[in-house]
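These notes concern the structure reproduced below.
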Amino acid sequence: MKLAILFLVFLPLCLAKPFYQRGLFDFMLEDEAGSGTPEPEGYPLIQTCPFRCQCHLRVVQCSDLGLKEVPKDLPPDTTLLDLQNNKITEIKDGDFKNLKDLHALILVNNKISKISPGAFSPLKKLERLYLSKNNLKELPENMPKSLQELRAHENDIVKLKKSAFSGLNNMIVIELGTNPLKSSGIENGAFLGMKKLSYIRISDTNITSIPKGLPISLTELHLDGNKISKIDADSLSDLPNLAKLGLSYNRIASVENGSLINVPHLREFHLDNNDLVKVPAGLGEHKYIQVVYLHNNNIAAIGPNDFCPIGYNSKKAAYSGVSLFSNPVQFWEIQPSAFRCIYERSVIQLGNYK
């Protein structure tokens, strides 16, 4: 009987695993980000990082390294790739072949003059593409349909083809400033189908008129520093959602009557540093304009209804900024009633004309 009892006592001890003293390091390993979640299938347990680059939390930074081509062996789970300030001249097919999770690609300030048609094909999730400060003569073909933001200012782009943004229906922001782009170089229908586009900047180019066929969804349009000489009545047609219009530093001498009717929700209108000789018609009757920049023009007189509705009616949105300095109009010649709908005098900026 005693023999049977001893057998039952020692049997579990014999079957038990050897004792292992767990240290702090073991608990630290278990407490890593993810709390023990297994690695996604298809990714190696140990990721490689290109030589001289820095890799951390799916961000790969290879900027300012003097690179002449896109590095090999980029981690396949990369979501942001920074290659700015290098000497890359060409983007080839296969440069991004494994980066199916890439969301942002920064190629600013390189020497890129050629992008192969299939270079961006693997990037099914790319949302932000930064190509500024390169030597591109045209926008790349076959950009990912997932793209939401494209910045390509300071290149050598001279034309926007009708197919330039074909299929890019998720695009929200386009910036193309400081390119030798002309009005004739923007083909009719270049922005066709872009139902989500809300922001366009085409500043410091050679365009001489407001581009036609802009998306109805647009809320901000920046055309500063161009060679636009006038605003026709139909220049702003089909832009009912436009809230901010930048036309500073152009050659605008006139704004045709009825132009502002087409932009009923406009809140900011920047027309400073132009050749205007009078306040644009329609400001007084516009319900929502709050900011008007008219400084550095040739305006010699302010009429009683230039800024405010006829009579003593109030605007739906009060002015928060009106600049008129550096115009030949003498402030003591302006009738006080001209600003009767402006309740804060600090809103108005007047000054001497030099």
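Where a number appears in this text, it was derived from the coordinates with a stated rule and is not lab data. Everything quoted here is computed from the prediction, not taken from an experiment. All Cβ positions, even for glycine, are placed from backbone atoms using ideal geometry, and neighbour counts span all protein chains on display.
The simple Förster model, with R0 at 22 Å and r as the Cβ-Cβ distance, assigns SER116 and LYS195 a FRET efficiency of 0.15. Charged neighbours of LYS212, selected by a Cβ distance under 13 Å, balance to -3 (K, R count +1; D, E count -1). Three principal axis extents of the chain based on alpha-carbon atoms, in descending order, are 120, 50, 37 Å.
Past the 25 angstrom mark, what percentage of all C-alpha to C-alpha distances in region 85-216 do you count?
Working: 1647 of 8646 pairs.
In whole percent, the long-distance tail amounts to 19.
For a 21 Å ceiling on Cα separation, which of these pairs sit above it: LYS111/LYS227; LYS72/LYS97; LYS125/LYS196; LYS182/LYS212; LYS72/LYS145? Listed pairs above 21 Å: LYS111/LYS227; LYS72/LYS145. Applying 1/(1 + (r/R0)^6) with r as the Cβ-Cβ distance of LYS227 and LYS124 and R0 = 35 angstrom yields a FRET efficiency of 0.30. Summing Lys and Arg as +1 and Asp and Glu as -1 over all other residues whose Cβ lies under 14 Å from the Cβ of ILE115 gives a net charge of -3. Here r is the Cβ-Cβ distance between HIS265 and SER183 and R0 is 35 Å; the resulting FRET efficiency, rounded to 0.05, is 0.85.
Where Lys and Arg each count +1 and Asp and Glu each count -1, what net charge lies around LEU276 among other residues with Cβ under 12 Å from its Cβ? Summing Lys/Arg as +1 and Asp/Glu as -1 gives 0.
Roughly how tilted is helix 2-15, in degrees to the nearest 10 and between 0 and 90, from the longest Cα axis of the chain? Orientation of helix 2-15: about 40 degrees from the principal axis. Projecting label points 7 angstrom from Cα along Cα→Cβ for GLU141 and GLU333 puts them 6.0 nm apart. GNM remark for the chain: springs join alpha carbons under 10 Å apart, and the peak mean-square fluctuation among PHE269, PHE51, PHE120 falls on PHE51.
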